[in-house]
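Chemist: The following block contains the structure, expressed as structure tokens.
The values are calculated or read from the model by the stated rules, or taken from the named source; none is laboratory data. Note that the coordinates shown come from a computational prediction; the quantities given were computed from them, not determined experimentally. Here the Cβ positions follow ideal geometry from the backbone for every residue, glycine too, while neighbour counts run over all protein chains shown. SASA here: full protein model, heavy atoms, side chains in, ligands and nucleic acids out. Shrake-Rupley method; radii C 1.70, N 1.55, O 1.52, S 1.80 Å.
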Amino acid sequence: MNSQKLIRGLTLVELIIGLAILAVLLSLASPSFQRFTNRQIIRHQIWELRRALELARGLAVTQQTIWKVCMATNNHHCVKHAGQRLLVFQDSNKNHRRDAAESLHLDLHNPSTIITLSASGRSYVRFKPSGEAMDSGNFLVCAKGGDDYGGKTIVFRSGRVRLSKDTDGDGYDDSRGVKITC
């Protein structure tokens with residue numbers, strides 16, 4: 001029996017080589033992971049928009065009043081592009097902003113995407129007591145930071161809401177066969 005202990009471990013050179021390999025692998029994977037994360041954020045925001053639109057439609061039908069959905073600034077003014085909040089409210093004075101006396105049912109902060117509304121030239125979508133939309137159009141959702149991937153939440157005059165999808169399998173959602181890009 002040998003009285004010396006066997007010491008196993010890594011030498012400094014082996015450790016440095018291992019860390020260098022790990023750094024190279026991480027630098028290759030990082031852009032793909034960032035792209036994946038951006039797409040997941042966009043998909044989540046598209047679903048949130050759909051949920052808000054369906055909520056407004058349901059409130060309009062059950063309460064027999066007009067409800068409005070819009071992207072808004074932090075002081076609750078409806079805007080077509082780059083709002084910080086998603087609002088579902090009753091705009092009883094029709095000034096296209098949520099005032100303190102008006103019913104607010106949903107107020108979601110939106111820090112991670114850029115949303116552009118294209119709805120009959122308006123900065124909002126309204127639902128009638130019949131459930132029909134007074135304004136048809138779509139919400140285009142894009143990631144902040146330059147990724148060209150985008151998605152849409154689409155509102156029809158009938159009040160129906162649908163999401164864009166990738167129909168041709170190229171990794172991008174399309175609208176009428178044309179790739180949605182930001």
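Chemist: What does the C-alpha gyration tensor say about the overall shape of the range 1-160? Classify as rounded when a/c is under 1.5, otherwise prolate if a/b is larger than b/c, or oblate.
Modeler: Working: a/c = 3.74, a/b = 3.27, b/c = 1.14.
It is prolate, given that a/c is not under 1.5 and a/b is the larger ratio.
Chemist: If you don't mind, there's one more thing I want to ask. Hey, what's the range 21-151 come to in accessible area per residue, 1.4 Å probe, Å²? Before the final figure, lay out each step's value.
Modeler: Values: 6580 Å² over 131 residues.
On a per-residue basis, 50 Å².
Chemist: Can you tally the net charge around A60? Count Lys and Arg as +1, Asp and Glu as -1, for every other residue whose Cβ sits under 10 Å from the Cβ of A60. Present the calculation step by step, with values, prior to reporting the outcome.
Modeler: Numbers: positive: R57, K68, R126, K128; negative: E132.
After counting each charged neighbour, the total is +3.
Chemist: With springs only between Cα atoms under 10 Å, which of I154, I46, I16 fluctuates most in a Gaussian network model of the chain?
Modeler: I16
Chemist: Lysine pairs in the range 1-160 with Cα distance under 26 Å, only those 8 or more apart or on different chains: how many are there?
Modeler: Value for the range 1-160: 12.
Chemist: If you take every residue apart from S112 with its C-beta less than 14 Å away from the C-beta of S112, what net charge results, scoring Lys and Arg +1 and Asp and Glu -1? Each step should come with its number before you reach the end.
Modeler: Details: positive: R39, R43, R85, K144; negative: E48, D147.
Taking every other residue near S112 into account, the sum is +2.
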